[in-house]
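Structure, as structure tokens:
The numbers here are math on the coordinates, done by the rules we state, and not lab data. Keep in mind the model is a prediction, meaning the values are calculated, not measured. A quick note on method: Cβ atoms are made from the backbone with ideal geometry, for glycine too, and the neighbour counts reach across all protein chains shown.
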Number of protein chains: 2
Amino acid sequence: MRVTLLSSAEETEAAFYDALSRADIEALMGLWAEEEEIVCIHPGAQRLVGHATIRASFEAIFERGAVNIQPVLLHASRNMMTEIHSIVEQVERTSEMIQDIHILCTNVFLKTPLGWRISLHHASIAPGRAPHETFRASMLH
Amino acid sequence: MRVTLLSSAEETEAAFYDALSRADIEALMGLWAEEEEIVCIHPGAQRLVGHATIRASFEAIFERGAVNIQPVLLHASRNMMTEIHSIVEQVERTSEMIQDIHILCTNVFLKTPLGWRISLHHASIAPGRAPHETFRASMLH
């Protein structure tokens, strides 16, 4: 497993969506915190807990190809050890896909000895088009 | 607004579901962090940001009555300033309601000068019955 020292949650999040866009399972799984309680919820799916289960889910997704997602409309709260991002996942859509939904996502990052790692990824489907908001982020504590 | 010193994230979460069960809007809103970037996503709904919007959404919910939810199957990660709970929300169902879905929820709590407050509540619909897992929680850091 590639071990990278990720110096910010933003860097880790960018690496996450980059790994998805390249269907790179090793890069993707190397971004998660090294503890068993990591949680991943794909849109409209059941909760997955732990490295093995989460890895298997992404392997199944990558069998259908890479996933191009642009994270936008970030709301962030952060302190020295944790960062929580609420984002809209802008998915590259083909013409057959439904246009009147969007994906909301909560990403939680923890500062570990190996840098900022993903602890939780919760994505879900919301009705309507993505809201038009200006970028906002706050520094807490 | 009632100001309570909430000494743990567990206490805040219990107070949250208690306020929902009593349709007590003041108690409910007093549990959120006092900053504008608080985020609330109700199941199958759009993202709400900020006290005013979130309060209005719960007022609309309470017009239809109280909400009885039992949080179960907790997976938690925590450090000194933040606690993230991934739970299944066991909703009291009437016979007309669909039985083959369940609600997954991410609750984020921050330690503030006024105790542990809710920063983010992200609930979403998952297919099938709630998984049967034994309770697990981990202490990180």
**Q.** Amide H within-cut-off set for A:Ala23, under 5 Å, with H built and near neighbours excluded
**A.** A:Val67
Q | chain B: most fluctuating residue of B:Ala33, B:Ala60, B:Ala15 per GNM, C-alpha cutoff 10 Å | A | B:Ala60
Q: Would you work out which of B:His75, B:Leu48, B:Cys105 lies farthest towards the positive end of the dipole of the range B:1-121, given +1 charges on the beta-carbon of Lys and Arg and -1 on that of Asp and Glu, about the Cα centre?
A: B:His75
Q) How large is Rg/Rh for the protein assembly as shown, to two decimals, with Cα atoms and a Kirkwood Rh? A) 0.94
**Q.** Those GluC sites (Glu not before Pro) in the range A:1-49 that DSSP places in a loop and that have at most 13 other beta carbons within 10 Å
**A.** A:Glu34, A:Glu36
Q) What is the ratio of the Cα radius of gyration of chain B to 2.2 N^0.38 Å, where N is its residue count, to two decimals? A) 1.03
(Q) Can you compute the charge dipole magnitude of the range A:9-127 about its Cα centre, using +1 on each Lys and Arg Cβ and -1 on each Asp and Glu Cβ, nothing else charged? Give it in debye, rounded to the nearest 20. (A) 180
Q.
If the elastic network links every pair of Cα atoms under 10 Å, which of A:Leu73, A:Leu20, A:Leu114 fluctuates the most in the Gaussian network model of chain A?
A. A:Leu114
**Q.** Order of A:Phe62, B:Phe16 - criterion: other Cβ atoms within 10 Å of each residue's Cβ, fewest first
**A.** A:Phe62, B:Phe16
Q | Exposed trypsin sites (Lys or Arg not before Pro) absent - longest run of chain A, DSSP non-H/G/I/E/B, at most 16 other C-beta within 10 Å | A | A:23-63
Q: Rank B:Asn68, B:Asn107, B:Asn79 by mean-square fluctuation in a GNM of chain B with C-alpha springs under 10 angstrom and give only the top-ranked residue.
A: B:Asn79
